[in-house]
Structure formats: C-alpha cells, structure tokens
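Okay, so here's the structure we're looking at.
The values are calculated or read from the model by the stated rules, or taken from the named source; none is laboratory data. It should be emphasised that the depicted structure is a prediction, and the values quoted were computed from it without experimental measurement. Virtual Cβ from ideal backbone geometry, glycine too; neighbours counted across all protein chains shown. Calculation scope for accessible area: heavy atoms of the full protein, side chains included, ligands and nucleic acids excluded. Shrake-Rupley method; radii C 1.70, N 1.55, O 1.52, S 1.80 Å.
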Amino acid sequence: TYNAAKIAAEEIPDKKITIIYTETLSMGQGYMVLEAYDALKSNVAVEDAVKESQALKKRSHLYGALATLKYLSMSGRVSHLAAGMAGMLDIKPILSVQNGKLDMLEKVRTRKKAWERVVELCRNDSKGKKIIKMAVLDVNAREDGDEFEALLRSNLDCPAEILRTELSAGLSVHTGAGLVAVGFVTD
C-alpha cells in the first residue's frame, strides 16, 4: 500500500504529497491522520505535522479478538487443519500490530477469556498513562461491539467518547464476521 501511494504521488508531480509509512492499520492509522490534520489546521509546517503524527504511533495500541480462524485460513495465513482444530477447541485468537505487521499475538479458549485478555493487554499498555482516544471496531457484530465496549468501560478509565466503527472491507475479509477490536492512544 505504501509503495502504491508513492507511485501514485509521483504521477502528480505538480502537487506536494507527503506519504507516511504508518506501520499500523485501521484506527491506528486513522488517529495518525487526524493528528496530522489537526496540526495542519493550526498552520504548522507539513514536516512538523508529520512529526506529530509519527509521535502518536508510539502511543497507539490495537488489539482484536477473532471469532474464528476460518477467514485467516482462507487467506492462507493459517492452515486449514489449524483452523479446524481451533474451531473444535473454541480457540479465539487475539491479533495485534507488532513491528508494523498484523500478527496473531495469542490464542485463548472462549470468547469471554479472549475479551478479558484484550482488556488486560489494554490495561498493561495504559498503566500510568491516560487513554485519550479510543475506538471499538467490529465486523458485522454490532451487538458484540456494544458488549465489548461495556466491558472496556467497566475495567478501564476510558474517554467519555468512544468512536464506534466497523473494520474496513479490505481488513475484514481476513478476519471474518464476529471480530471485535479496540484501538486507543495514550497521553
């Protein structure tokens, strides 16, 4: 995606276009874009807006709990055998962005335990810091997202406003329906 953006920018030589490799996705990227936009609205130089956006990357976190490995299997990221076994054992993978790549962080049995583990990971990442922005994402699971948001609110010091959105089609094709995720930024 980054390389495609660079090529596209080269096709418009009369415009100054700055491409940023965010090393994240979904709301991690979204919060970086919003940070740059807010900086530019304040009339700072483009280079300074990019720096502010990049600084936000270090304070951004993203975790998701999959309902199934079926879709990761279909994309070739997980074997069909592993996906089948995970389904039989009710394993719910937890995903996170690590070193610029979406990876399976852990495998937990049952949805309840997966969600509790995501809350624990969020608590660890925000220890001694304030969560200043938060989003709850889902894939065709609005009610699960509502339930997950309530769990986050009851266990973390969340901001008053939590953005709610569905994961983009380009990402949800790999996760499938039932994913719930949280993205947040600390101070």
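Here are the numbers:
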item	result
Area of Ile162 that stays accessible when all protein chains are in place (1.4 Å probe, Å², to 10)	20
Using a Förster distance of 22 Å, the FRET efficiency for Ala177-Ala150 (Cβ separation, nearest 0.05)	0.65
Spacing of the two label points (7 Å from each Cα toward its C-beta) at Thr110 and Asp38, in nm	3.9
Estimated FRET transfer efficiency when R0 is 22 angstrom, pair Asp103-Ile132 (beta carbons, to 0.05)	0.30
Residue-span extension gain [Glu120 to Asn140] - 0.36 nm each, minus C-alpha spacing	4.8 nm
HN-Hα J in Hz across segment 43-48 - Karplus 6.51, -1.76, 1.60, θ = phi - 60°, x for Gly and Pro	6, 7, 5, 3, 4, 6
Karplus-derived HN-Hα couplings along segment 97-102 (A = 6.51, B = -1.76, C = 1.60, θ = phi - 60°), whole Hz, x at Gly and Pro	8, 10, 6, x, 9, 6
